[in-house]
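Structure first, commentary second.
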Amino acid sequence: MKVRVGEINNFSVFEITNPYGPHVAIQPVSNDTGSIGFEAGGEIYWLTGKPDQKERRGGITKFIWDMNSGEKVELQITAENDDVNFQLSLVGEDTLKMPEKWHINIGATEEEYFTGVFERVVDGNQRNSWITGIQTALNLRNERVEMKVQPTVSAYAPFYLSSNNYGFFVQGTWPGLFDFCKANSNIVQIAFEDPELVFILYFGSSPKQIVQKHALETGPSFLPPRWAFGPWRWRDEHRNNKTYFDGSKVTAPYNSEMVEDILMMQAYDIPCTAYWIDRPWGSGSFGFDDYEIDYERLPDFEEMISWLNEKDIELMLWICPWVYGDMADVAEERGYGMIGRGQRPMFGMTPPSSGRSNTQFERPPGPMREMPGVSGEQRVAQFSRSQRQMENMVVMDFTNPEACEWWGENGPAKLARMGIKGFKLDRGDGERLVDSLHLITSAGITYRENYNDYVRQYVKVTYDALEPVLGSDFILYPRGQYTGSARYGGMWAGDTDNSAGGLRSVLIGVQRCAVMGYPVWGSDAGGYPKRLQREVTMRWLGFACFSPIMEVGPTNNCGFWGMDSQPSYDHELLAVWRFYTNLRMSLVDYVYNLAKEASETGMPIVRPLFLEYPEQDESWNDWETLKFGDDLLVSIVWENRKTKQLVYLPAGETWVNLWDNQEYQGGKYLEVDAPLHQQPVFLRKGSDLSLPDFNELYKESVAVTSVEYQMSDLEAGEEWR
């Protein structure tokens, strides 16, 4: 691997040999903006000319520039096989400036395609990712992305893939920025905060080889148990009612809404391998004080778990990385917490010498934020309610080993011993985090450097708590992701809108996450949290079936047999749900083996077409169609009132349409029928994957779900003990 150093307009230029595509050039942007520079005190100092010193020792080449500012910039380059590692720092005893940020500018060819970096479609408010008329899809060219984890669609990785057969990855956790030819049409402009910047250029003969390299570098990815790849069900809240949706009296000894879901799914032969209970499941204003079960809401909780297990269903719970109740008092007393956003100013905290946290509070500038349409009295009342909730809340400091062990043992591990097999890890993605440079964690890391890494710390601490109790028989399901978090759990797509645009956004999100190295992914089928849209939900159920994780909920906190909209008893939705959950059960072993392959080789479960067929131009354009493992080609209809789909069938294969069993040669687009219950699915000819006949299964599902059941009859069949 060769790196040539030259100059243009007095700025340094770096040309890196790419054995598999155009050479990569780190080059100036203009006559005023160089190729590599560091920012300090509000000024950027660019490398100029050729280096003043050069040293080669072993496999490391060092270049040093004497800067006009008096500093010396050292660039270490290490080549390993096809990849190149770059390390930038200031060196020398006379160094007065500390870099606040490093800038890297890379040349782009005219049609170059960029993807990866983050899950949401575009930067800014997540609602922008499903706004009507949005055009951006997998390709991030002409987009600008802040590399700072934001709730709630919050999978990020400082890694992008180029169609020119290279990948760029920044090590570390400091915030940064990628500008993919938006400010300058020929330059990818990159800036990251870090006193020393380390980045890697991966090169490979194909995009999938680059994706695999990065996935293994930051992994290997977590492998859940087999049951986790079956269909899941959940609601956002579980009330324990006296009557069921149909007016029948509740006599079951367990939570009524959970029992309703289980017995109705059982009656309709809708498979379910995991059920999760979201908050509230405990006491307190946030519904999980002290990780203690609320037995009024969830009576006979341990027996309920046994009842579910007898039906081959595992139970999961919601958690988040802060504590309430007596645990908050203990965490505060022992200094286990961090300052959370929105908490009461705590001036004069105990100094570090006491053994308590050395966190200091930085007061945010300016007056209280104005809230349009809210009066002063209402604003004070809302602020007071927020304060009452926050005062007895402690955000855990996961850089403190003692705090990690205490939280893990008194939270997740305690619940695991009761029979809980998984956790939805909510809220770790900046919702309560402060990113100040003036606040320090117990490990001596600034809150700002720690900010992106918090999501990894959160899932790792939970994993470390569960593994001694459950071995490998559990799954963790956070929404936030950053470098290294894939080792400890899967993920879900956050609070995605219920609209067709929301479905579009997760179709893009699952493929971006595949590129970033997050293969075990799912989304809330039907969206969250507004009113369910029937057509979108039917389409989403099909998408969920061909996602790495299939989870259905919260569906307005109702079953499709008792909706709060018309039709209340929705036979069509039930039929679609039954069809795709039964189809999913026939795929469990297939998906589990794909997850195993992802963990071992870095090859994702869901694969954008360009990963497998990069030489075919259409594979870069048809982002609605994806590979689900080696054998299945799935095209997702996401738009409302659309009943036909144009699908690109990759060349080099014969594809069998599983809805009409017709064979088609690849290398062309094919328009197929796509009524509401049909997401187009093709099987690679020659595959040994065995699936039920789609039309027969759907016909059966329509017949089975045409019946209306009474909960009193279903309860009677349980013979409650």
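The values are calculated or read from the model by the stated rules, or taken from the named source; none is laboratory data. As the structure is a prediction and not an experimental result, all values here were calculated from the model. Note that we place each Cβ from the backbone using ideal geometry, even for glycine, and neighbour counts take in every protein chain shown. Just so you know, the surface numbers come from the protein's heavy atoms only, side chains and all, with ligands and any DNA or RNA stripped out. Shrake-Rupley method; radii C 1.70, N 1.55, O 1.52, S 1.80 Å.
Of the accessible area of the stretch 266-325, with the probe set at 1.4 angstrom, what percent is carbon plus sulfur?
Details: 740 of 1890 Å².
Here carbon and sulfur together make up 39 percent of the probe-accessible area.
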Just read off the accessible area of Arg141 with the full protein assembly in place, 1.4 Å probe, to the nearest 10 Å².
40 Å²
Helix 694-704 versus the longest principal axis of the chain: what is the Cα-based angle in degrees, 0 to 90, to the nearest 10?
40 degrees
Simple spin-label estimate for Glu110/Lys699, 7 Å along Cα→Cβ, in nm, reads 5.5 nm
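If you take the beta carbon distance between Asp630 and Arg487 as r and set R0 to 35 Å, what does 1/(1 + (r/R0)^6) give as a FRET efficiency, to the nearest 0.05? Please list the in-between numbers first.
Working: r = 24 Å, r/R0 = 0.69.
That gives a FRET efficiency of 0.90.
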Principal axis dimensions, largest first and in whole angstrom, of the chain by Cα
86, 71, 51
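Could you please put Asp631, Asp82 in sequence from largest to smallest accessible area, using a 1.4 Å probe?
Numbers: Asp631 15, Asp82 40 Å².
Largest to smallest exposure gives the sequence Asp82, Asp631.
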Given the -39500 (n - 2.57) contribution per DSSP H run of 4+ residues, what per-residue ellipticity at 222 nm results for the chain, rounded to the nearest 500 deg cm²/dmol?
-7500 deg cm²/dmol
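What does the charge count near Ile270 come to, summing +1 for each Lys or Arg and -1 for each Asp or Glu among other residues with Cβ under 11 Å from its Cβ?
Details: positive: Arg233, Arg578, Arg584; negative: Asp261, Asp269.
Net charge in that neighbourhood comes out at +1.
When only C-alpha pairs under 8 Å and at least 6 residues apart count, what is the relative contact order of the stretch 1-64, in percent?
Values: 105 pairs, mean separation 15.8, N = 64.
Relative CO of the stretch 1-64 lands at 25 percent.
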Keeping all protein chains in position, work out how much accessible area Trp521 exposes to a 1.4 Å probe, and write it in Å² to the nearest 10.
0 Å²
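Relative contact order for the stretch 492-607 using alpha-carbon pairs under 8 Å, separation at least 6, rounded to a whole percent?
Details: 173 pairs, mean separation 30.4, N = 116.
Rounded, it is 26 percent for the stretch 492-607.
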Ordering Ile134, Ile36 by accessible area with a probe of 1.4 Å, largest first, what comes out?
Ile134, Ile36
Separation of the Asn186 and Arg334 label points, Cα + 7 Å toward Cβ, nm:
6.0 nm
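Run the accessible area of the stretch 11-121 with a 1.4 Å probe and give the carbon-and-sulfur part as a rounded percent. Don't skip to the end; give the middle numbers.
On the way: 2130 of 5130 Å².
Within the stretch 11-121, the accessible surface is 42 percent carbon and sulfur.
When N is the residue count of the stretch 459-563, what does its C-alpha Rg come to as a fraction of 2.2 N^0.38 Å? Let's see the in-between values first.
Values: Rg = 14.8 Å, N = 105, 2.2 N^0.38 = 12.9 Å.
That works out to 1.15 for the stretch 459-563.
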Summing Lys, Arg as +1 and Asp, Glu as -1, what charge do residues with Cβ under 10 Å from the Cβ of Leu177 carry, Leu177 excluded?
-1
Under the Karplus relation 6.51 cos²θ - 1.76 cosθ + 1.60, θ = phi - 60°, what is the ordered set of whole-Hz ³J(HN,Hα) values for the stretch 172-188, x standing for Gly and Pro?
x, 10, 5, x, x, 8, 10, 10, 8, 6, 7, 6, 9, 5, 10, 9, 8
Any residue on another chain or 5+ positions along whose placed amide H is under 5 Å from the amide H of Met550 is listed here as Trp232
Could you give each residue of the stretch 671-685 its phi-based ³J(HN,Hα) in whole Hz, using Karplus coefficients 6.51, -1.76, 1.60 with θ = phi - 60°, and x for Gly or Pro?
8, 10, 5, 8, x, 3, 7, 10, 8, x, 9, 10, 10, 5, 5
Along the positive direction of the dipole of the stretch 64-205 (beta-carbon charges: Lys, Arg +1; Asp, Glu -1; about the Cα centre), which of Asn186, Thr132, Val84 reaches farthest?
Thr132
Accessible surface, the stretch 572-721, averaged per residue in Å² (probe 1.4 Å):
42 Å²
For the stretch 75-81, Karplus-derived ³J(HN,Hα) couplings (6.51, -1.76, 1.60; θ = phi - 60°; whole Hz; x for glycine and proline) come out as 10, 9, 10, 10, 9, 9, 6
Of the listed peptides 554-560, 537-543, 695-701, what is their order by residue-averaged count of other C-beta atoms within 10 Å, with the highest listed first?
537-543, 554-560, 695-701
Within the stretch 472-516, what residues put their amide N at less than 20 Å from the label point 7 Å along the Cα-to-Cβ vector of Thr132?
496-506
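Quick one: pull the percent of accessible area on the stretch 506-656 belonging to carbon and sulfur, 1.4 Å probe, ligands and nucleic acids left out.
On the way: 1780 of 3870 Å².
Taking all protein chains in place, the stretch 506-656 shows 46 percent carbon and sulfur surface.
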May I ask for the angle, rounded to the nearest 10°, between helix 588-601 and the longest principal axis of the chain, with both axes built from Cα atoms and the value confined to 0 to 90°?
10 degrees
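Over the chain, what is the mean sequence separation of C-alpha contacts under 8 Å (at least six apart), divided by residue count, expressed as relative contact order in percent?
Details: 1635 pairs, mean separation 92.6, N = 721.
That works out to 13 percent.
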Separation in nanometres of the label points that stand 7 Å from Cα toward Cβ, at Glu100 and Gln710
7.3 nm
Pairing the Cα long axis of helix 401-410 with the longest principal axis of the chain, what angle in degrees results, from 0 to 90 and rounded to the nearest 10?
10 degrees
Suppose the chain between Asn125 and Tyr20 were pulled fully straight at 0.36 nm per residue; how much longer would it get relative to their current alpha carbon spacing?
34.1 nm
Ordering Asp630, Asp294 by the accessible surface of their heavy atoms, 1.4 Å probe, largest first, yields Asp630, Asp294
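At a Förster radius of 25 Å, what calculated FRET efficiency corresponds to the Cβ-Cβ distance of Arg417 and Ala443, to the nearest 0.05?
The formula returns an efficiency of 0.30 here.
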Between the stretch 653-674 and the stretch 81-153, what is the separation of their alpha carbon centroids in Å?
38 Å
